[in-house]
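Working notes, structure below.
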Amino acid sequence: MLISIETMNICIDQGNSRTKVALFEEDGRLAKTFVYKSFTSSDVERLFSLYPLTDSIVSSVVNIEPSVVNALQRLSRHFILFDHLTPIPIVNDYESPETLGLDRLAAAVGAATLFPDKTALIIDAGSAITYDVLSAEGHYIGGNIAPGLKMRFYALHHRTKKLPLVDVAENTLIPLFGKNTTDAIAAGVVRGVAFEVKGYIRALQASKTKNIVVVLTGGNAPFILQHVQSPMTYERNLVLIGLNAILNYAGKA
């Protein structure tokens with residue numbers, strides 16, 4: 001496979017259940033994305049053989065395989081195992097920076113990259129829902145963590161004796177008020193999250209903060225987009241965009 005680009009970055013975001021990989025061109029444009037259930041050193045070798053990769057960064061919420069790190073170190077001109085000591089192009093004002101999730105930090109950098117000079121409310125709707133704020137001056141202010149959709153459904157089922165475990169698919173019609181127990185749970189959870197999101201947006205707007213942008217990411221983002229009628233930008237690769245910005249910045253720092 002012939003590629004006309006001279007060099008590319010590889011950015012790896014390893015989560016609990018899957019690994020997301022993105023290749024970026026020199027100008028910062030996203031060229032390719034991949035999702036792996038299991039990411040191994042063989043996958044690293046294959047990607048480096050197919051594409052003109054030079055620099056790499058990996059962020060992980062679990063213990064990454066040493067063989068993957070070794071392969072990246074061996075094949076990369078510049079390699080970063082992202083942690084809280086890695087130089088980043090924003091200021092982290094969190095009181096305990098070493099406890100801040102690296103995915104949340106990378107998402108904040110991604111928002112700063114896409115929306116410079118704007119205050120960003122970053123909503124990551126995954127297993128948990130995180131709400132993080134980045135100031136227009138590039139300071140990570142802080143954020144909150146709440147249960148995600150599946151966690152709320154699971155809690156209602158397992159922490160009660162009679163409530164069923166409910167699962168809703170994308171584009172499912174959710175009533176305002178349920179007329180049976182299944183619909184009542186679905187409406188309570190999905191609309192509850194929607195009202196929660198609206199509340200955070202209104203609170204930030206009420207603070208008289210100007211130039212606010214709401215950036216949405218995460219696997220359950222479509223549920224929020226469907227039920228929150230408020231201007232927001234959906235970017236599924238926000239963390240990877242942030243990792244690429246960190247890789248480029250750290251290489252110059």
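General remarks:
- Residue in the stretch 100-111 that is in the same structural domain as residue 82 (by TED's automatic domain parsing), crowded, with 18+ Cβ neighbours inside 10 Å and part of a loop (DSSP other than H, G, I, E, B) present: yes
- The condition of being surrounded by fewer than 23 Cβ atoms within 10 Å (Cβ to Cβ) and in contact with a strand residue (DSSP E or B) (Cβ under 9 Å, 6 or more places away or on another chain) does not hold for residue 217.
- Of the residues examined, residue 33 is not one that is of a type in the set (Ser, Thr, Tyr), out of contact with any His (no Cβ under 7 Å at 6 or more places or on another chain) and farther than 14 Å from residue 14 by Cα.
- Residue within the stretch 169-180 that is aliphatic (A, V, I, L, M), in a loop (DSSP other than H, G, I, E, B) and under 17 Å from residue 128 (Cα atoms) present: no
- Among the residues of the stretch 215-238, those that are assigned to a helix (DSSP H, G or I), more than 16 Å from residue 116 (Cα to Cα) and either in contact (Cβ under 8 Å) with a residue 24 or more places away in the chain or among the acidic types (Asp, Glu) (or both) comprise 221, 222, 223, 224, 226, 227.
- Flag for residue 156 being touching a residue at least 24 places away in the same chain (Cβ under 8 Å), outside any strand (DSSP E or B) and surrounded by 15 or more Cβ atoms within 10 Å (Cβ to Cβ): yes
The values are calculated or read from the model by the stated rules, or taken from the named source; none is laboratory data. The structure presented is a predicted model; accordingly, all values stated were derived computationally and were not measured. As a convention, Cβ positions derive from the backbone with ideal geometry for all residues, glycine included, and neighbour counts pool all protein chains shown.
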